[in-house]
Amino acid sequence: MIIDKIENANIYKNFGERITIAFDYIKSTDLKNLQQGKYEIEGKNIFAMISEYQTKPESEGKLEAHKKYIDVQYVISGEERMGYAPLGIQTISEPYKEENDIIFYKGEKPFTKVEEGMFAIFFPTDVHMPGISTGKVSKVKKLVIKVRAD
C-alpha cells in the first residue's frame, strides 16, 4: 500500500509501465468534469471508474481485496479515511467473486485520511476499506484505476 500526493507520482514510475500509464491518465484527464462511469484506458489491462458518493461510518464499510488487479485510487474532491492492512490474518466474510475480482474480509485495520489530490495504491497483498468518513460526512468524487497485476 502506498499513499501520497499526485505531485509525487514520478517516484513510482519504476513500478511498471501500467502504473505509469495510470498516473499519466490522472495527470492528463479533466477529472473534475468526467462523469460517473467506466472508462477504458488499455482494454482489460487498465481501466478507470469514476464514482461520487457520501462517506460512511466505519460500521458500514467493507474490508476488501482483489486478486487480479491493483487499485490506484485518486481523490478528485472531498476527503475520506481509507483502512489498510497486509493480507493474512483476516477472516473471509464473503467469498471471492471472480467476475468483480473482489473478496470481503473482517479484521483489524488502521485508517489514513486521504484528501483531494492524494492517491492510494492497493496491491493484491493488501486489504483495504475506502469511503469512510473523517468524523463528518463528506461528498467524494474518486477515480479508481484498475491495473492488471500480472
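Details
- In this Cβ point-charge picture (+1 for Lys and Arg, -1 for Asp and Glu), the range 1-84 has a dipole of about 220 debye about its Cα centre.
- Under conditions of 10 °C and 1.306 mPa s, the range 60-142 yields 121 µm² s⁻¹ as its translational diffusion coefficient, taking Rh as the Kirkwood radius over Cα pairs in the Stokes-Einstein equation.
- For the range 1-77, radius of gyration divided by Kirkwood radius, i.e. Rg to Rh on alpha-carbons: 0.96
- Rg and Dmax over the alpha-carbon atoms of the chain stand at 14.5, 40 Å.
- What the Cα atoms of the range 91-135 give is an Rg and a Dmax of 12.5, 34 Å.
- Å² of accessible area per residue within the chain, as computed with a 1.4 Å probe and no ligands counted: 52 Å²
- For the range 33-79, the pair-distance distribution built from all alpha carbon pairs, in bins 5 Å wide starting at 0, is 5, 14, 22, 26, 20, 11, 3, 0 percent.
- Taking the accessible area of the chain, probe 1.4 Å, and keeping the other protein chains in place, the carbon and sulfur fraction comes to 50%.
The values are calculated or read from the model by the stated rules, or taken from the named source; none is laboratory data. Only a predicted model underlies this, so the values are computations on that prediction, with no experimental measurement involved. Quick reminder, even Gly has a Cβ in these numbers, built from the backbone with ideal geometry, and neighbours come from all protein chains shown. Note: accessible area is taken over every heavy atom of the protein model, side chains too, but ligands, DNA and RNA are not part of it. Shrake-Rupley method; radii C 1.70, N 1.55, O 1.52, S 1.80 Å.
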